[in-house]
Amino acid sequence: PAYLQQLTMESNGKHVTLDGNKAAYETGPIYWGEPGTNGQHSFYQLIHQGTRLVPCDFIAFHKTLNPLGRHHDMLLGNVFAQTEALAFGKTPEQVKVEGTPDWLIPHRVFEGNRPSNTILAERLTPNTLGKLVALYEHSVFTQGTIWSIDSFDQWGVELGKVLAQRIIAELESKAEPTLKLKEAL
């Protein structure tokens, strides 16, 4: 996830189009993730029932590199269960049939129709990893082209580096800082 975060957000996190105008649409999707079921208790709740639509990619492998009993089957089962839940959700009628009290039904309903991709490769190999990286690199380039932004400039990153040099010098100096808090407010 870390490489994809850098690739996608640094490349397409832009607010100005190639012609210098402010983009009239959102660019640069937020990328984050966790391996296996680690994300299940941190951000899956937001993905399933939150108010923001969060498209997801689930990447899994048919054959494990580290066979540990049922572990791989459990991971694959969770991948397919999450994508099924995102796609189809759970209706109030389904929740009611389970014997859920009426007051709890709205809390246990899942709208479904939440976009996700499931990428299932045979096995994690250097070749497979390279193909996945190429897929996301091509996606970033294509998004940048559609949005008419320069996916390859990094002016936002550059500004932070320049400001950091001034601030580091002030932190290491015994003199008063040049930017006063009252002025900044």
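Do we have K96 as among the basic types (K, R) and over 30 Å from K131 (Cα atoms) here?
yes
Could you tell me which residue of the stretch 141-185 is modelled with the highest pLDDT, considering only residues that are part of a loop (DSSP other than H, G, I, E, B), among the polar types (S, T, N, Q) and surrounded by 12 or more Cβ atoms within 10 Å (Cβ to Cβ)?
Per the criteria, the residue is S148.
Listed residues G99, G36; which is in contact (Cβ under 8 Å) with a residue 24 or more places away in the chain and loosely packed, with under 13 Cβ neighbours inside 10 Å?
The conditions single out G36.
Considering each of R123, R114 in turn, give the residue that is under 24 Å from T27 (Cα atoms), at pLDDT 95 or above, surrounded by 11 or more Cβ atoms within 10 Å (Cβ to Cβ) and not aromatic (F, W, Y).
Being under 24 Å from T27 (Cα atoms), at pLDDT 95 or above, surrounded by 11 or more Cβ atoms within 10 Å (Cβ to Cβ) and not aromatic (F, W, Y) holds for just one of R123, R114, which is R114.
The values are calculated or read from the model by the stated rules, or taken from the named source; none is laboratory data. What you see is a predicted model; the values in this text were computed from it and never measured. Ideal geometry is used to build each Cβ from the backbone, glycine not excepted, and the neighbour counts take in all protein chains shown.
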